[in-house]
1. Could you please tell me which pairs satisfy a Cβ distance under 6 Å, a separation of 6+ or placement on different chains, a first residue in the range 99-114 that is under 20 Å from residue 146 (Cβ atoms), and a second residue that is of a type in the set (D, E, K, R)?
2. Is it true that some residue in the range 106-114 is surrounded by 18 or more Cβ atoms within 10 Å (Cβ to Cβ) and within 14 Å of ligand 1 (Cβ to nearest atom)?
3. Out of the residues in the range 144-183 that are touching a helix residue (DSSP H, G or I) at 6+ places or on another chain (Cβ under 8 Å), more than 11 Å from ligand 1 (Cβ to nearest atom) and of a type in the set (Val, Ile, Thr), which is least open to solvent (accessible area, probe 1.4 Å)?
4. What are the residue pairs meeting all of these: first residue in the range 192-203, first residue farther than 10 Å from residue 224 by Cβ, second residue buried (at least 20 other Cβ atoms within 10 Å of the Cβ) and of a type outside the set (A, V, I, L, M, F, W, C), Cβ atoms under 9 Å, and 6 or more apart or on different chains?
5. Residues in the range 31-39: is at least one in a loop (DSSP other than H, G, I, E, B), surrounded by 15 or more Cβ atoms within 10 Å (Cβ to Cβ) and within 14 Å of ligand 1 (Cβ to nearest atom)?
6. Take residue 271 and decide whether it is within 16 Å of ligand 1 (Cβ to nearest atom), modelled with pLDDT of 95 or more and in a loop (DSSP other than H, G, I, E, B).
7. If you go through the range 243-262 one residue at a time, do you hit one that is in a strand (DSSP E or B), touching an Asp or Glu at 6+ places or on another chain (Cβ under 7 Å) and under 20 Å from residue 197 (Cα atoms)?
Amino acid sequence: MRVLTEPSAMREWRRVRGGSVGFVPTMGYLHAGHLSLVEAARSQNATTVVSIFVNPTQFGPNEDYTRYPRDEVRDLALLKEAGVDAVYLPSVGDMYPEGHQTSVVVSEVTRRLEGAARPGHFNGVTTVVTKLFNAVEADRAYFGRKDAQQLRVIQRMVRDLDMAVEIVPCAIVREPDGLAMSSRNVYLAPEQRAAAPIISRTLFAARDRFSEGLRDPDALRRFVRGEISRSPLAEIEYVSVADNDSLQELEAQVTGQALLSVVIRFGKTRLLDNVELG
Ligand SMILES: Nc1ncnc2c1ncn2[C@@H]1O[C@H](COP(=O)(O)OP(=O)(O)OP(=O)(O)O)[C@@H](O)[C@H]1O
Ligand SMILES: [Mg+2]
């Protein structure tokens, strides 16, 4: 397994590879969710590349950039074990040299939900993903549905800018008790971790209600809020029932596909989860 740390070295290595390249961008501190993306990439491509880069520009000034969990040695061992061909590990200095001033902005689908809660977040994401795409020149790139809005933002960017990469969405991987895997789960205190499965339980219950015919988005949102507020440790940041593509909040009956997504805070830790309806 090759480890490449500079954009030019990454691109040169990639250009001498024959066959398709599958790419999995991550911020490291890997878990089974990341490894499922790696597995999908491996099954569909001759070469698999994973990047690990904790991107400072997608964190707000009062967010957790400096304390974001990192374990490079463990991550590299997991990726080698998983059969990855190359890991791209750029430094912050190489990604953002003195004087950098260019960014990629997706204007509409970034407005609400995570974009509203974290101003500037998606501009950081789209810019860094563009840079990673330019270095890796992948044929396919793999993104988790856990970050549902991010997935839609990236799909929009790729379409709008004619990027030569196919975006492959991948299912949410969960702990046995239902909690969506996330590097940030490590922040949870034991009693918070024990309470956290209320999120997925509630989303699945709401999906059952939907299957039984409940189509009123407000009733669905009320149901989710009611269930989550039973946990004294859980704080609701948002509950959204939105059009599954545009992520416009739905007011009238759900007719097509919808995305039910939530952010629930346990202390300072924000947990994202979602289910698709219909
Ligand atoms: N539980 C999961 N199932 C499937 N894909 C996931 C899961 N968690 C993360 N991913 C995907 O892995 C990729 C890299 O995500 P990232 O490195 O930010 O991990 P993370 O667990 O989301 O960390 P954090 O919650 O701290 O942002 C993204 O495409 C993300 O959607
Ligand atoms: Mg993430």
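1. Qualifying pairs under 6 Å: 106/156; 109/152; 109/156.
2. Yes: one or more hits.
3. Once the filter is applied, the top-ranked residue is 153.
4. Pairs found: 200/273.
5. yes
6. No.
7. Yes, there is a match, as at least one residue in the range 243-262 is in a strand (DSSP E or B), touching an Asp or Glu at 6+ places or on another chain (Cβ under 7 Å) and under 20 Å from residue 197 (Cα atoms).
For every residue, the table says whether it meets (1) more than 12 Å from ligand 2 (Cβ to nearest atom); (2) among the aliphatic types (A, V, I, L, M).
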| site | (1), (2) |
| --- | --- |
| 117 | yes, yes |
| 120 | yes, no |
| 130 | yes, no |
| 147 | no, no |
| 155 | yes, no |
| 170 | yes, no |
| 184 | no, no |
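The values are calculated or read from the model by the stated rules, or taken from the named source; none is laboratory data. None of these values were measured; they are calculated from a predicted model. So basically every Cβ, Gly included, is an ideal-geometry build from the backbone, and we count neighbours across all protein chains shown. Areas reflect the complete protein model, heavy atoms only, side chains present, ligands, DNA and RNA absent. Shrake-Rupley method; radii C 1.70, N 1.55, O 1.52, S 1.80 Å.
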